[in-house]
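Peer 1: Below you'll find the structure I mean.
We did not get these values from a lab; they are worked out from the coordinates using the rules stated. From a predicted model like this one, the values you see are computed outputs, not experimental measurements. All Cβ positions, glycine included, derive from the backbone under ideal geometry; neighbour counts span all protein chains shown.
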Amino acid sequence: MRIVFIPGLGYDCQIFKNLDLSGLELEHLNWIEPLPKEKFHDYALRLFSKTKKYSEKTILIGHSLGGAVSQEIASVHQIEKIILISSIKSRKELPFSLKLVKPLRVYKLFTKEISLRTIRFWGATHGFENDEEKNLFKNMVSQHSNAYLQWALRSLSSWRAPNISTEIIHIHGTKDKTLPFKLIKKPDYIIRNGSHICVLKKAEEITRIIKKFI
């Protein structure tokens with residue numbers, strides 16, 4: 001069984017660093033630069049082509065936007081399971097504010113420079129409460145280009161889930177302010193007081209859940 005991790009928008013696979021899945025075959029897929037006018041579906045398949053070895057016995061673990069990527073991959077490739085963490089499985093689960101990002105072109109304001117300067121104002125609301133967590137965010141977002149960040153936010157704003165038959169296990173925190181818990185339809189596992197980065201901060205609990213499916 002192979003486990004492939006895909007991080008959330010603006011993050012990298014450091015977001016999964018506290019999960020304890022040692023002894024398993026793990027691979028981390030970090031974001032790559034989108035091509036000009038590349039569609040989200042095509043990007044997801046190109047990203048998956050970077051995996052070292054494809055196997056039908058693959059579990060995709062996607063955090064936030066990485067969960068949407070996982071579903072796009074499963075629409076083409078045979079995947080054993082998808083585990084969504086702080087993610088969405090339909091457009092109905094996307095908050096109205098994010099749906100407006102593309103039509104109002106708000107994504108053009110999303111740059112790493114602005115994100116780094118303003119994290120002290122919004123960080124705690126979205127789970128980055130202490131200096132260590134804020135520094136981790138700064139380290140992750142600094143690795144991305146503004147072209148990627150704006151493309152990713154625009155893609156999330158307009159994303160519609162593909163029809164797939166792959167089993168989905170959905171894990172979501174009750175204190176998620178990015179993708180609010182109240183919009184999530186029937187999550188399989190509820191992380192009490194879990195923020196959008198509960199995969200980092202409540203990793204022990206999430207590790208136990210993941211191990212049920214491997």
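Peer 1: Which whole-Hz ³J(HN,Hα) couplings does the range 117-128 yield from phi under the Karplus relation 6.51 cos²θ - 1.76 cosθ + 1.60, θ = phi - 60°, glycine and proline marked x?
Peer 2: With coefficients 6.51, -1.76 and 1.60, one gets 6, 9, 4, 5, 8, 10, x, 4, 4, 9, x, 8 Hz.
Peer 1: A further question on this structure: Which three lengths, in whole Å and largest first, does the chain cover when its Cα atoms are put on their principal axes?
Peer 2: 41, 37, 31
Peer 1: Using only alpha carbon pairs under 8 Å that are at least six residues apart, calculate the relative contact order of the chain and give it in whole percent.
Peer 2: Details: 371 pairs, mean separation 55.6, N = 214.
The value is 26 percent.
Peer 1: Another question, then. Please turn the phi angles of the range 9-23 into ³J(HN,Hα) values with the Karplus equation 6.51 cos²θ - 1.76 cosθ + 1.60 (θ = phi - 60°), one per residue in order, whole Hz, x for glycine and proline.
Peer 2: In residue order, the calculated couplings are 4, x, 9, 9, 6, 4, 4, 9, 5, 8, 6, 10, 10, 4, x Hz.
Peer 1: If R0 is 30 Å, what FRET efficiency do you get for residue 165 and residue 26 from their C-beta distance, rounded to 0.05? Working shown, then result.
Peer 2: On the way: r = 25 Å, r/R0 = 0.83.
Computed FRET efficiency for residue 165 and residue 26 comes out at 0.75.
Peer 1: Quick one: of 17/175; 57/99; 50/182; 89/201; 177/202; 17/52, which pairs are farther than 25 Å apart, Cα to Cα? Please report the intermediate quantities before stating the final value.
Peer 2: Numbers: 17/175 21 Å; 57/99 34 Å; 50/182 35 Å; 89/201 22 Å; 177/202 16 Å; 17/52 20 Å.
Listed pairs above 25 Å: 57/99; 50/182.
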